[in-house]
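Peer 1: Just dropping this structure here.
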Amino acid sequence: MSKRILVIGSLNMDMVIPVKELPQKGETILGGAPDYIPGGKGANQACAAGKLGGNVTMLGKVGRDEMGRRLKDNLAAAGVDVAHVAETPDAPTGMAVIYVSETGSNSIVVIPGANGLCDRAYIEANEELIAAHDIIVLQLEIPYDAVFRAIQLAKKHGRLVVLNPAPAPDSLPAEVIASLDYFTPNETEMARIAGMPVGGTEEAVAAGRRLVEAGVGTVLATLGEAGALLVTAETAQVIPTLRVEAVDTTAAGDTFNGAFVTALAEGMPEAEAIAFGNKAAAISVTRKGAQTSIPTRGEVDGY
């Protein structure tokens, strides 16, 4: 039986606008017709886990509006338990405005909305749910205080904690870092939190080692086309990814995280789980959108 995964985080409706090139500071450009695609880092990771066969529950907040209902329905269709996603009358559902260039690069502005009300009290009210799951997955698109409290409660109940530090803060409290079983930044996020440059594999390994010395169990950094870097107290190795033609990199990291924890929950060895995450993420960048780009289990297994 697969272990139970709880994803605590954001749910956003993404407004995706195609552009020729990303706008520079002070520049006005024309964009194509927008698409409205379910997103939010938390929801994306839950969706990936659900589509890939994970036993996954989502915890977060949406507004009491049409967008919130659409986000919940979309997750439910992917196999995610959304019974505990709260609908608040006090804020609209979160949104993200995403510009995607012809080369697949993106630039994102997030409007938190209801995600900003996903606070410490809400987390504490759901302590039993945290205790009932085996793997707790978090990001940083809800208030930090709520994330840190969720990590405390997860460790209190002996649960495995995975933190994807996005968007990256300048630093994390020492007790939070020491509570993480898996820390899954990209290169930019790792450089900021480790407080050192990450411009290649050698620097990435050094930054990973600094985080492990600070108490992280395992650093699992996504390095884009190079694959994923695994750093523990004993080892450092890059697990390569598939070579694909990128169309849109939105949610590639979220797909990796959702796929990785799904594989871990099934009992796959760590390196195999990382390779599975790499493969799912590689497929996702060949398609447009966030949750719309996430592959199914059959697609990943057959690729």
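The values are calculated or read from the model by the stated rules, or taken from the named source; none is laboratory data. As the structure is a prediction and not an experimental result, all values here were calculated from the model. Here Cβ is always computed from backbone atoms with ideal geometry, including for glycine, and neighbour counts include all displayed protein chains. Note: accessible area is taken over every heavy atom of the protein model, side chains too, but ligands, DNA and RNA are not part of it. Shrake-Rupley method; radii C 1.70, N 1.55, O 1.52, S 1.80 Å.
Peer 1: Longest segment of the chain with no GluC sites (Glu not before Pro) in a DSSP loop having at most 12 other Cβ atoms within 10 Å?
Peer 2: Formally, the longest exposed-site-free interval is 103-233.
Peer 1: Express in nm, to one decimal, how much length is gained between residue 175 and residue 234 on full extension, taking 0.36 nm for each residue of separation and deducting their alpha carbon distance.
Peer 2: 19.1 nm
Peer 1: Can you tell me which of 273-284, 48-59, 89-100 comes out highest on packing, and rank the rest after it, using the mean Cβ neighbours within 10 Å? Before the final figure, lay out each step's value.
Peer 2: Numbers: 273-284: 24.9, 48-59: 27.2, 89-100: 19.7.
Answer by packing, highest mean first, reads 48-59, 273-284, 89-100.
Peer 1: Could you look at segment 108-220 and say what percent of its accessible area is carbon and sulfur, using a 1.4 Å probe and all protein chains?
Peer 2: Carbon plus sulfur share of accessible area: 50 percent.
Peer 1: In whole Å, what is the distance between the alpha-carbon centres of segment 1-66 and segment 261-285?
Peer 2: 20 Å
Peer 1: Ok, one more. Could you sort the peptides 253-260, 178-185 by per-residue average Cβ neighbour count (10 Å cutoff), highest mean leading?
Peer 2: The packing order, highest mean first, is 253-260, 178-185.
Peer 1: Something else: Helix-only estimate, please: 222 nm mean residue ellipticity of the chain, summing -39500 (n - 2.57) across DSSP H runs of length 4 or more and dividing by its residues, to the nearest 500.
Peer 2: Helix-only estimate at 222 nm: -10500 deg cm²/dmol.
Peer 1: Follow-up. From Cα pairs below 8 angstrom and at least 6 apart in sequence, can you work out the relative contact order of the chain, rounded to a whole percent? Numbers along the way, then the final one.
Peer 2: On the way: 737 pairs, mean separation 55.3, N = 303.
So the answer I get is 18 percent.
Peer 1: Here's another thing I want to ask about it. Relative contact order for segment 225-289: what is it in percent, counting Cα pairs under 8 Å that are at least 6 residues apart?
Peer 2: 39 percent
Peer 1: Follow-up. Going 7 Å from the Cα of residue 102 toward and past its Cβ, which residues in segment 7-44 have a backbone nitrogen under 12 Å from where you end up?
Peer 2: It comes to 19-22, nothing else.
Peer 1: Additional query: What's the lysine pair count for the chain at a Cα cut-off below 26 Å, pairs eight or more apart or interchain?
Peer 2: Here the count comes out as 28.
Peer 1: Counting only heavy atoms of the protein chains, get the accessible area per residue of the chain (1.4 Å probe) and round it to a whole Å² value.
Peer 2: Per residue, the chain has an accessible area of 42 Å².
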